[in-house]
Structures are given as C-alpha cells and as structure tokens.
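Read through the structure below, which is laid out as structure tokens, and then see the notes.
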C-alpha cells in the first residue's frame, strides 16, 4: 500500500506494526460501532508518519473496508498520508507533538478522576 502510493516512512510502519497488532487484537477496549463509548481506551500515534500501518490495522479490525487501503495517500482518499479524524477509529488528526501529549495527559487524568470518583472499591468507599 505504501509502495503503491509512492509514499515514504515505511520504516516507521514496520517499527510499530507488532505493537499495533497486539494492542488492537486484545489489549485496547473499543467498540468500532460506538466510538463515543465512555469506557473506550484511546490510542495516540505520536509519530504520524506511521499512519499507514494504523490504517491497515483499523481495516483489519473492521473499522472500514480493506479495499480503502488501495487508495491510501491518493487525491480524494479518506486515507491521507497523515492521520485524518474523518476515518473511523481515528479521533484526532495529527497535531504538534507537544500539544498532542498535553491533550492525552489531560484526557487520562480526567478518566482517572471519573473512575476514582465512581468506584466504591477505592479507599474507604465513602462518597
């Protein structure tokens, strides 16, 4: 797909392929039919140059038809050479790395606060 598109950064894709396969095969909690599910895990691809492998994994998991991969990085394709939030399974497009990390940290803290405040088994259980 990357070769067909005459795109670059295949090395980045190879570097994270095994990680993404394991995460999406059984570690991450998600519902492809309900991307607003409050209990979902969020994955951040900090190196946007590896988006081709993310798209391949999302297609394998059924987020969109695999045939879409044939149009990767072509004019008019939803599968751009950088992440697009218009693709099911991608929540944010590529941003400045520092901003992206800040957003992810804030979301993680927010989810932790929500979990701790609603979990009777934490601490004394008194609310």
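Every number in this text was worked out from the coordinates using simple rules, so none of it is lab data. In this text the structure is predicted, and so the values were computed from the model without any measurement. Using ideal geometry, Cβ is built from the backbone for each residue, glycine included, and neighbour counts are taken over all protein chains shown.
In table form, for the structure just shown:
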item: Equivalent ellipsoid semi-axes, the stretch 10-117, via Cα gyration tensor eigenvalues times 5, rooted, Å; result: 24, 16, 13
item: Two-decimal ratio, the stretch 45-90, of alpha-carbon radius of gyration to 2.2 N^0.38 Å; result: 1.00
item: Length added when fully stretched, residue 92-residue 21, from 0.36 nm per residue minus Cα-Cα; result: 23.6 nm
item: Model label zone, residue 37; criterion: amide N under 15 Å from point 7 Å along Cα-to-beta-carbon; scope the stretch 54-84; result: 61-64
